[in-house]
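Presented below is the structure to which this report refers.
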Amino acid sequence: MKFFSVDSPLYRFLSRVLDILKLNFLWILGSLPVFTIGASTTAAMSVALKLADDEEGYIAKSYFEAYKANFKQGVPMGLIFLVAWRQMCIRDRYAVYLDFQLFGAVKNNPVILLIIGMVSVFLVIIAMIYSFPLLARYENTVVRTIQNSMDISRKYFGKTLILVILVAAEVLIFQYNSTMIFLGILFGPGFIIYTVAAVSKRVFLQIERVNREGE
């Protein structure tokens, strides 16, 4: 039946889901020593960038090649983000507590005090969100990669906002109930990486096109 042929939308969808399942397993495997999570994320992002363009290839082979190629820069990048995320979480938990105290103490209970912590988290996320796709696609230093991620987040704020909303929605969906948590373990990181890669690829192609036209 044509509905189940290799060219059918259903087949392509199921094939992509299987690719993401493989990618998720490889990401978990590569992240088991926690300090290698940056290298694993960069390698997974490299594969996801290819998947976003429907490029054929072997998932495992591409992953391990990218893992090896990006290990030296991926590890410090991951450690930077782990430390930044930990400090941000500690700070924001305290900030949210103070916001609630102020919310109860200040006359008319301004809601703005309750969202200060969330805004700071959002700003950190948009500054970091392109770092691993950039590291996977281009050769650059870790510091310069983070700076470029921040510049892209500001210049393409609309697309970045959509990306953050999509990722946040995926995180919430995979935490909805016990069944979704189980599916989140199987697919969650892979879907998030693929989402970031798909949006990032569009942004990168736009930047590359603008740069070519400006030459």
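The values are calculated or read from the model by the stated rules, or taken from the named source; none is laboratory data. Keep in mind that this is a model prediction, so the values were computed, not measured. For neighbour counting, all protein chains shown are included, and Cβ atoms are generated from backbone atoms with ideal geometry for every residue, glycine included. Just the protein is used for accessible areas: all its heavy atoms, side chains included, with ligands, DNA and RNA removed. Shrake-Rupley method; radii C 1.70, N 1.55, O 1.52, S 1.80 Å.
Among the numbered criteria (1) over 15 Å from the mean Cα position of the chain (by Cα); (2) in contact (Cβ under 8 Å) with a residue 24 or more places away in the chain, which single criterion is violated by Asn177?
With (1) over 15 Å from the mean Cα position of the chain (by Cα); (2) in contact (Cβ under 8 Å) with a residue 24 or more places away in the chain applied to Asn177, the lone miss is (2).
Find all pairs meeting these conditions: Cβ atoms under 8 angstrom apart; at least six residues apart or on different chains; first residue within segment 201-215 and touching a residue at least 24 places away in the same chain (Cβ under 8 Å); second residue open to solvent by 100 Å² or more (accessible area, probe 1.4 Å) and of a type in the set (Lys, Arg).
Note: no pairs meet the criteria.
When only residues in segment 31-65 that are among the small types (Gly, Ala, Ser) and open to solvent by 10 Å² or more (accessible area, probe 1.4 Å) count, which is farthest from Gly190 (Cα to Cα)?
Among those residues, the one meeting the criterion is Gly57.
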